[in-house]
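Enquirer: Take this structure, written in structure tokens, and hold onto it; I'll ask about it next.
The values are calculated or read from the model by the stated rules, or taken from the named source; none is laboratory data. Computed from a prediction, not measured in an experiment: that's the story for all the values here. In this analysis, Cβ positions are derived from the backbone assuming ideal geometry, glycine residues included, and neighbour counts consider all displayed protein chains. The accessibility values were calculated without ligands, DNA or RNA, using every heavy atom of the protein model including side chains. Shrake-Rupley method; radii C 1.70, N 1.55, O 1.52, S 1.80 Å.
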Amino acid sequence: MSKSKITAIGTYAPARRLTNADLERIVDTSDEWIVQRTGMKERRIAGEHEFTSDLCIEAVKNLAERYSGTLNDVDMILVATTTADYAFPSTAARVQAYFGWPHTGALDINATCAGLTYGLQLADALITAGTHQKVIVIAGETLSKVTDYTDRSTCVLFGDAAGALLVERDEAAPGFLAAVQGTVGSGADVLYRTGLSAELNGQPLKGGGNMVQNGREVYKWAVRTVPEEFNVLLEKAGFSKDDLDWFVPHSANMRMIESICEKLPFPAERTLTSVEYYGNTSSVSIILALDEAVKAKKLSEGQTLVLFGFGGGLTYTGLLVRWGF
Ligand code: ACO
């Protein structure tokens, strides 16, 4: 039985916008193709000297401004990222260095676009186990730094941003109702990042650290897996689709989200997304969608949501949660 809930949110996106018109000047593409295939209009791009930990710190500052309690007693920092500043120290330790929280663990999570939902699940598990009281789950990505801007099939998709959610002990009104997760490690070759010392299918991985993807295969996997596991998640908790207020899938691509909704079926109007103005921000996309809904007063305490992260690994985690504030 869960003993925690989400109690605060914060987000940050860099100022620079990369529009479809900008991309038309970089690669052979068009606004029409991008909007029709992905639903994207623009993305944010970090500055040359702005790194993932900088974005994460800004997101936590935004959360702190909107939260009435103290963050000095945060006892675990989890940062979901595929674009950490360094192999080590962790991005979470960079966040601790800035805020100076005195008694906290600090750990990065590498689960690509599923990183946020993995982080929330771990935060709830730590609190439910009784070892932690207040866990901050941050997602931050500077995907533009690992995007190949000569590859039109990937460079139109990705953007930069960060977000943070606070998870606190609450035994009376716990927010985490059920979870599903899974991994298809054999799908490594359809979505990966080069630049580290490894081999894939017997070939050394070389290059400056770019993302490589077989978009069509990722698309097929997601549209098959997410609806199946969404139904398993609801069954586990004895919920029906009518009990849900919102479905918040990873905002990879609007067309993909529409296909998932058609297959379920689930009304696309009851999804929260961040694709249009941020592109695919990997682990951050779900927090951006949640924050837009909070600001628009669409999301309120006690509403029931499915959060579903999925991506490179291939791996996924879906959570059924009750919104906590
Ligand atoms: N502009 C114009 N034409 C393009 C572009 C572009 N930016 N990119 C590709 N094309 C062309 C291709 O060259 C191809 O041309 P051809 O038919 O002459 O060979 C044609 O468009 C169709 O290419 P496909 O790759 O088959 O296009 P598809 O309809 O599959 O759409 C897309 C591509 C948008 C990448 C889609 O496959 C997709 O969204 N996949 C999922 C990607 C994704 O979400 N990944 C991340 C998930 S997990 C995570 O977030 C890390």
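Enquirer: Under a straight-distance cross-link criterion of Cα-Cα below 18 Å, which aspartates and glutamates are reachable from K263, leaving out those fewer than 8 residues away in the same chain?
Expert: The reachable aspartates and glutamates, counting only those whose Cα sits under 18 Å from K263, are E217, E228, E229, E235, D242.
Enquirer: Could you give the accessible area per residue of the range 4-169, probe 1.4 Å, as a whole number in Å²?
Expert: Computed with neighbouring chains in place, this is 40 Å² per residue.
Enquirer: Okay, moving on. What nm value, rounded to one decimal, do you get for the distance between K263 and T150 when each label is placed 7 Å out toward the C-beta?
Expert: Roughly 3.4 nm, to one decimal.
Enquirer: Amide H of G105 versus every other amide H placed in the peptide plane: which residues, excluding those fewer than 5 positions away on the same chain, fall under 5 Å?
Expert: M76, I77
Enquirer: Sticking with this structure for a sec: Could you do me a favour and compute the accessible area per residue for the range 176-322, 1.4 Å probe, result in Å²?
Expert: Per-residue value: 44 Å².
Enquirer: Compare the peptides 114-120, 137-143 by average per-residue count of other Cβ atoms within 10 angstrom and give them in order, highest first.
Expert: On the way: 114-120: 28.4, 137-143: 31.7.
So the peptides 114-120, 137-143, ranked by packing, come out 137-143, 114-120.
Enquirer: Right, next: Explain nothing, just compute: Karplus ³J(HN,Hα) = 6.51 cos²θ - 1.76 cosθ + 1.60, θ = phi - 60°, for every residue of the range 169-179 in order, whole Hz, x for Gly and Pro.
Expert: Result, rounded to whole Hz: 4, 7, 7, 6, 9, x, x, 9, 9, 6, 8.
Enquirer: Next question, about the same structure. First select every other residue whose beta carbon is under 14 angstrom from the beta carbon of G215; then total the charges, Lys and Arg +1, Asp and Glu -1.
Expert: Net charge in that neighbourhood comes out at +1.
Enquirer: Continuing with this model, one more query. Can you work out ³J(HN,Hα) from phi for every residue in the range 35-47, in order, using Karplus 6.51 cos²θ - 1.76 cosθ + 1.60 and θ = phi - 60°, giving whole Hz and x for Gly and Pro?
Expert: So the Karplus estimates, Gly and Pro as x, are 5, 5, 7, 10, x, 8, 10, 7, 9, 9, 10, 5, x Hz.
Enquirer: Please figure out what share of the DSSP beta bridges in the chain is antiparallel and state it in percent, rounded to the nearest 5.
Expert: DSSP beta bridges in the chain are roughly 70 percent antiparallel.
Enquirer: Only four residue types carry charge here, +1 at the Cβ of Lys and Arg and -1 at the Cβ of Asp and Glu. Report the dipole size of the chain about the Cα centre in Debye, rounded to the nearest 20.
Expert: That gives a dipole near 100 debye.
Enquirer: Ok, one more. Rounded, prolate or oblate: which one fits the range 234-325, using the alpha carbon gyration tensor with axes a ≥ b ≥ c (rounded when a/c is under 1.5, else prolate when a/b beats b/c, else oblate)?
Expert: rounded
Enquirer: Same structure, new question: Quick check on the chain: helices-only [θ] at 222 nm, where DSSP H runs of length 4 and up contribute -39,500 (n - 2.57) each and the sum goes over total residues. Nearest 500, please.
Expert: About -10000 deg cm²/dmol.
Enquirer: Could you work out which residue, out of A222, A188, A237, moves most in a Gaussian network model of the chain, that is, has the largest mean-square fluctuation with Cα springs under 10 Å?
Expert: Between A222, A188, A237, it is A237 that shows the largest mean-square fluctuation.
Enquirer: With every protein chain kept in the model, how would you rank E65, E171 by accessible area, 1.4 Å probe, largest at the top?
Expert: On the way: E65 150, E171 110 Å².
Largest to smallest exposure gives the sequence E65, E171.
Enquirer: For the range 219-232, in order, what is each residue's ³J(HN,Hα) by Karplus, 6.51 cos²θ - 1.76 cosθ + 1.60 with θ = phi - 60°, in whole Hz (x at glycine and Pro)?
Expert: Whole-Hz 3J(HN,Hα) from phi for the range 219-232: 4, 5, 4, 5, 6, 7, 6, 4, x, 4, 6, 4, 5, 4.
Enquirer: Within the accessible area of the chain, what % is carbon and sulfur when the probe is 1.4 Å and the other protein chains stay in place? Before the final figure, lay out each step's value.
Expert: On the way: 6780 of 13850 Å².
After summing per-atom areas, the C and S share lands at 49 percent.
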